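The structure under discussion appears below in the form of structure tokens.
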Amino acid sequence: MNLFQQVRTHIDNVIAAMITSGELSDDVRDLPITVEPPRDASHGDMSTNVAMVLAGKTKSNPRALAEKLVEQFKTFAHLSEVTIAGPGFINFRFQPEFWQQIVPAILSLGEHYGDSDMGAGHKVNVEYVSANPTGPLHIGHARGAVYGDALALLLKKSGHRVTKEYYVNDAGSQVDTLARSAFLRYRQACGEEIGEIPQGLYPGDYLIPTGHALKEKYGDSLLSALSRGDADAISIDQDEIASSDMAYPPGNSETFAVVKRFTIDAMLDLIRGDLQKLGIAHDVFTSEQSLHDAGAIPKAIEALTAKGVMYRGVLEAPKGKAPDDWEEREQLLFRSTDFGDDCDRAIQKPDGSYTYFAADLAYAQHKIDRGFDSLVYMLGADHGGYKKRMEAAVGALSDKKVHADIKLCQLVHLFQNGEPFKMSKRAGNFVTVDDVVEAVGKDILRFIMLTRKNDMVMEFDLAKVKEQSKENPVFYVQYAHARAHSVQRIASEQMPQALERSQSPDVSLLNSDAELALMRVMAEFPRLIEAAASAHEPHRVAFYLQELAAAFHGLWNVGNGHESLRFLVQGNPQL
């Protein structure tokens, strides 16, 4: 049940009748009319901009049009007052029974309250986290993970068909370095003294179990690679590292391939475990290497070439670079400026190898081929330059039929009692998700991550988020939840007949100002879901829960002073 939508439907019916009677022309349908709570609660319960929107379309006076509409709106059910404010806002005030009907509706719908068909089955791909599989997730990943997961759930609730996806960057130099780091830990597991971890490798202790797992599966057999002449592929020699410009040559041996695949799988298991601790499970894991193996990059380039947006040319020097750092060279370029980008983008280097953006093109084509209507990418703040180029890529590959929304998650600064939180020894140089979940718990972490908009820097104090005070939003909401459960528990012990009647209550008994205030906030939830889903802003739900908790606590406090307004009144199970 969406009371705001009911009022909007009434307004649409009035407009349709005025079109039929000739008072309005047919071109005023489907205008951006809103129905929402007024900014000043003293003005009424709901407010609409219908008169100003219609006036803008019909070139008429909004105040005069509002006066004409008000006469039509007076037929609305349960209406107690309709007034005009400012340049033409129309405000509604309703009788208590209008709000009281929300209570049995919520009892009947349960967790389905707020479900919407707004998405109309629109197929959405939400890609989030997508951290390189080189170690456990850190606190920076947690923000994008929570934001992406909350958005995916929000879109599902609003009627979209959602696929939650993780893109595995398992191609390139970083995973080669990871494999060498794991092989070093394997040598350690086989009894070798490895000394300090060479600079450039991953130093975290989290690779020690991977080394032992390699030893358990392959015994000492992988060491034979060192004596077969393919040592360059996997071995680490600190003197060679110090004297070589290319410290880690690409691995090309069978042994290296085995170590690399085994290590990537181990890291993905580690990442899945971290995500599970956050209450997150993706539907799909897509491998970048699989796109390379399937020839997806040449296919994407071929598709763009056929559309006439690929050419060979020379890019201008990047802004801020010294002239001697730049060399003019002809490259294969994507004409991304035709699709809103700041400059055209290189797809292939002069040596014939592909740029990283070329793989992004292939991945975008892969998603489009799977039939998604829109794509949401969750990226870190350091990927700001990818926003326009990815939007351009999706627009070009889909002939502008698929929409891309690139979301950037800003940094998280972690504190403990106001002091910067120390780095994790296990991870080597960052604070892991596991560290934070162990410190504060999954629910607190998820909630606090949604108390700021994704593009705002966040300060997260491990001590403050556990404080039991009104100033701590997560405690304030959880306390309302706990109080609600306490009412049910006490009722089941002292007034079981009250719970029996709660499925078909006489809601007309709930008519105090505090009770009606809570109902008004409860009634906003379906509208909030649709608005948050449309804007891709799940933080609105966290803000709403604080408002809901405040209304609930307000009613609770009124009951402390007026026995008749308590949740449980002895001798009055009907109430």
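Inside the stretch 73-130, can you point out the residues that are of a type in the set (Lys, Arg) and over 30 Å from Tyr166 (Cα atoms)?
Hits for the stretch 73-130 are Lys74, Arg93.
Kindly evaluate Asp443 against the criterion of being outside any helix (DSSP H, G or I) and open to solvent by 50 Å² or more (accessible area, probe 1.4 Å).
No, not satisfied.
Yes/no matrix, rows are residues, columns are (1) more than 16 Å from Asp265 (Cα to Cα); (2) touching a strand residue (DSSP E or B) at 6+ places or on another chain (Cβ under 8 Å); (3) part of a helix (DSSP H, G or I):
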position: Gly144; (1), (2), (3): yes, yes, yes
position: Asp149; (1), (2), (3): yes, yes, yes
position: Thr163; (1), (2), (3): yes, yes, no
position: Gln174; (1), (2), (3): no, no, yes
position: Ala179; (1), (2), (3): no, no, yes
position: Ala182; (1), (2), (3): no, no, yes
position: Gly195; (1), (2), (3): yes, no, no
position: Thr210; (1), (2), (3): no, no, yes
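So which residues in the stretch 507-527 are of a type in the set (Val, Ile, Thr) and open to solvent by 20 Å² or more (accessible area, probe 1.4 Å)?
Matches in the stretch 507-527: Val507 only.
Quick one: which of Gly273, Gly279, Gly295 is closer than 18 Å to Gly204 by Cβ, out of contact with any Gly (no Cβ under 8 Å at 6 or more places or on another chain) and at pLDDT 75 or above?
When all the criteria are applied, what remains is Gly273.
Spot the failing condition for Glu459; the list is (1) charged (D, E, K, R); (2) more than 19 Å from the chain's Cα centre (by Cα); (3) within 17 Å of Gly418 (Cα to Cα), and only one is missed.
If we test Glu459 against (1) charged (D, E, K, R); (2) more than 19 Å from the chain's Cα centre (by Cα); (3) within 17 Å of Gly418 (Cα to Cα), just (2) comes out false.
Residue check, Gly279 against (1) touching a residue at least 12 places away in the same chain (Cβ under 8 Å); (2) outside any loop (DSSP other than H, G, I, E, B), all met but one. Which one?
Answer for Gly279: the failing condition is (2).
What residue, of Val457, Val465, Val477, is under 23 Å from Gly554 (Cβ atoms) and either of a type in the set (A, V, I, L, M, F, W, C) or out of contact with any strand residue (DSSP E or B) (no Cβ under 9 Å at 6 or more places or on another chain) (or both)?
None of the others qualify; the one that does is Val477.
Which residues, taken from the stretch 332-390, are assigned to a helix (DSSP H, G or I) and of a type in the set (D, E, K, R)?
Those that are assigned to a helix (DSSP H, G or I) and of a type in the set (D, E, K, R): Asp338, Asp360, Lys367, Asp369, Asp382, Lys387, Lys388, Arg389.
Results for (1) open to solvent by 40 Å² or more (accessible area, probe 1.4 Å); (2) within 30 Å of Val436 (Cα to Cα), shown as yes or no for each residue.
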| site | (1), (2) |
| --- | --- |
| Phe334 | no, no |
| Pro350 | yes, no |
| Lys367 | no, no |
| Asp373 | yes, no |
| Gly380 | no, yes |
| Tyr386 | yes, yes |
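If you scan the stretch 290-319, which residues turn out to be more than 30 Å from Arg261 (Cα to Cα) and in a loop (DSSP other than H, G, I, E, B)?
Lys307, Gly308, Val309, Val314, Leu315, Glu316, Ala317, Pro318, Lys319
What tally of residues in the stretch 50-81 results from selecting those that are in contact with a strand residue (DSSP E or B) (Cβ under 8 Å, 6 or more places away or on another chain) and in contact (Cβ under 8 Å) with a residue 24 or more places away in the chain?
Of the residues in that region, 9 qualify.
Report, ordered by the first and then the second residue, all pairs with beta carbons closer than 9 Å, sequence separation of six or more or different chains, a first member in the stretch 542-553 that is among the acidic types (Asp, Glu), and a second member that is assigned to a helix (DSSP H, G or I) and modelled with pLDDT of 95 or more.
Glu547/Val521
Between Leu499, Leu516, which is at pLDDT below 90 and either over 30 Å from His122 (Cα atoms) or not in a helix (DSSP H, G or I) (or both)?
Only one candidate qualifies: Leu499.
Which one of the conditions (1) modelled with pLDDT of 90 or more; (2) open to solvent by less than 10 Å² (accessible area, probe 1.4 Å); (3) closer than 25 Å to Ala362 by Cα does Ala131 fail to meet, given that it meets all the rest?
Going through (1) modelled with pLDDT of 90 or more; (2) open to solvent by less than 10 Å² (accessible area, probe 1.4 Å); (3) closer than 25 Å to Ala362 by Cα one by one, Ala131 breaks only (1).
Of all residues in the stretch 135-178 being surrounded by fewer than 20 Cβ atoms within 10 Å (Cβ to Cβ) and either modelled with pLDDT of 95 or more or among the hydroxyl-bearing types (Ser, Thr, Tyr) (or both), which is farthest from Ile297 (Cα to Cα)?
Of everything passing the filter in the stretch 135-178, Gly159 is farthest from Ile297 (Cα to Cα).
In the stretch 528-552, which residue that is acidic (Asp, Glu) and open to solvent by less than 50 Å² (accessible area, probe 1.4 Å) is farthest from Gly571 (Cα to Cα)?
Glu537
In the stretch 297-318, how many residues are acidic (Asp, Glu) and over 20 Å from Gly395 (Cβ atoms)?
1
Find the residue count for the stretch 545-573, including only residues that are within 18 Å of Ala480 (Cα to Cα), of a type outside the set (Asp, Glu) and assigned to a helix (DSSP H, G or I).
Residues in the stretch 545-573 being within 18 Å of Ala480 (Cα to Cα), of a type outside the set (Asp, Glu) and assigned to a helix (DSSP H, G or I): 16 in total.
Considering only the stretch 446-464, state which residues are out of contact with any Lys or Arg (no Cβ under 6 Å at 6 or more places or on another chain), buried (at least 21 other Cβ atoms within 10 Å of the Cβ) and of a type in the set (A, V, I, L, M).
Ile448, Leu450
The values are calculated or read from the model by the stated rules, or taken from the named source; none is laboratory data. Everything numeric here is computed off the predicted structure, so don't read it as measured data. Cβ coordinates were reconstructed from backbone atoms using ideal geometry, including for glycine residues, and neighbour counts include every protein chain displayed. With ligands, DNA and RNA removed, areas are computed over all heavy atoms of the protein, side chains included. Shrake-Rupley method; radii C 1.70, N 1.55, O 1.52, S 1.80 Å.
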